[in-house]
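Encoded as structure tokens, the structure appears first; notes follow it.
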Amino acid sequence: MVFVVIVGIALLVIVAINILPMCSMHPLPSGKIEGTDMIAVKNRINNLFFIPSGEDWIVIDAGSDAKAVKQEMELMAIDGQRVKSVFLTHTDYDHVASVVLFPNAAIYMSGQEKQMIDGSVCRQLLKKNSLPALGDSNKIIYLQDNEVIDFGEHKVRIIWAAGHTKGSAMYAVDEKYLFTGDAFKARDGHIAVHPYTMDRKQAQETIYGIKGELHKYEKVFTAHYGVISVYGD
């Protein structure tokens, strides 16, 4: 009987740790983002973002369910062949799945995130991150902090934001829009350490360093909490 109680308590703790944080996640609905020419795609509990660049697309993050993302893309007449660049904020499973839909895209990420997918660092216990099988035309490009990729029509600057994973990053697009990935969670105008973070101390240092900069951007897009426009301590 005692064993059963212990197992029950353990299961409740596991649920509390792994499931309850998802209840507070509210990504944007799929569709054009008001006041911009960008498109958000909702994939379960997070977003990926499509930014038009001439006849092509730049994509921020890649969701957790490639089949569902493909269906949303078809509804919005987005051709995966026209996606030429994918910027990953990090390599957790829920941010990488649909890279398989973009066979002509270069995959960009922080140089510090390489350790998360080359087998040298475990995400948790014995679990390691990985990318889906990429096409022959895909290539992975690792970026240094504050490095800028110039597409002519758009400029994308990477901002390292370690903590959630070893090489988590954010992206500033045209110094106008900021895509934060899982650098923090947002609720009631306040930002704090994101659930499932590897290094909470590092994440807190990252948040301390960036929260004073958020007001510089017209819109700040999170992966799981939509657009945030009010910031607290």
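The values are calculated or read from the model by the stated rules, or taken from the named source; none is laboratory data. Source: prediction; values computed, not measured. Counting neighbours? That spans all protein chains shown, and the Cβs are built from the backbone with ideal geometry, glycine included.
Any residue at all in region 195-216 that's touching a residue at least 40 places away in the same chain (Cβ under 8 Å), of a type in the set (A, V, I, L, M) and under 23 Å from GLU34 (Cα atoms)?
no
Within region 67-85, how many residues are under 19 Å from ASP136 (Cβ atoms) and touching a helix residue (DSSP H, G or I) at 6+ places or on another chain (Cβ under 6 Å)?
1
Would you point out which residue out of MET22, MET73 is more than 19 Å from LEU131 (Cβ to Cβ), at pLDDT 95 or above and either surrounded by 10 or more Cβ atoms within 10 Å (Cβ to Cβ) or acidic (Asp, Glu) (or both)?
MET73
Suppose we filter ALA105, ALA68 for residues that are at pLDDT 95 or above, in contact with a strand residue (DSSP E or B) (Cβ under 8 Å, 6 or more places away or on another chain) and buried (at least 23 other Cβ atoms within 10 Å of the Cβ); which single one remains?
So the residue among ALA105, ALA68 that is at pLDDT 95 or above, in contact with a strand residue (DSSP E or B) (Cβ under 8 Å, 6 or more places away or on another chain) and buried (at least 23 other Cβ atoms within 10 Å of the Cβ) is ALA105.
Can you tell me how many residues within region 181-233 are part of a loop (DSSP other than H, G, I, E, B), touching a Pro at 6+ places or on another chain (Cβ under 9 Å) and of a type in the set (D, E, K, R)?
Step one: of region 181-233, the residues part of a loop (DSSP other than H, G, I, E, B) are 182-184, 188-189, 193-199, 211-213, 217-218, 223-226, 229-233.
From the residues that got through so far, the ones that are touching a Pro at 6+ places or on another chain (Cβ under 9 Å) too are 182, 194-196, 223-226.
Checking which are of a type in the set (D, E, K, R) leaves us with 182.
Matching residues across region 181-233 total 1.
If ALA172 satisfies all but one of (1) modelled with pLDDT under 95; (2) of a type in the set (A, V, I, L, M, F, W, C); (3) within 20 Å of GLY63 (Cα to Cα), what's the number of the condition it fails?
(1)
Out of region 142-157, which residues are more than 16 Å from ILE51 (Cα to Cα) and either in contact with a Cys (Cβ under 6 Å, 6 or more places away or on another chain) or buried (at least 21 other Cβ atoms within 10 Å of the Cβ) (or both)?
LEU143
Do you know which of the residues in region 108-135 that are out of contact with any helix residue (DSSP H, G or I) (no Cβ under 7 Å at 6 or more places or on another chain) and of a type in the set (Ser, Thr, Tyr) is surrounded by the most Cβ atoms within 10 Å (Cβ to Cβ)?
It comes out as SER110.
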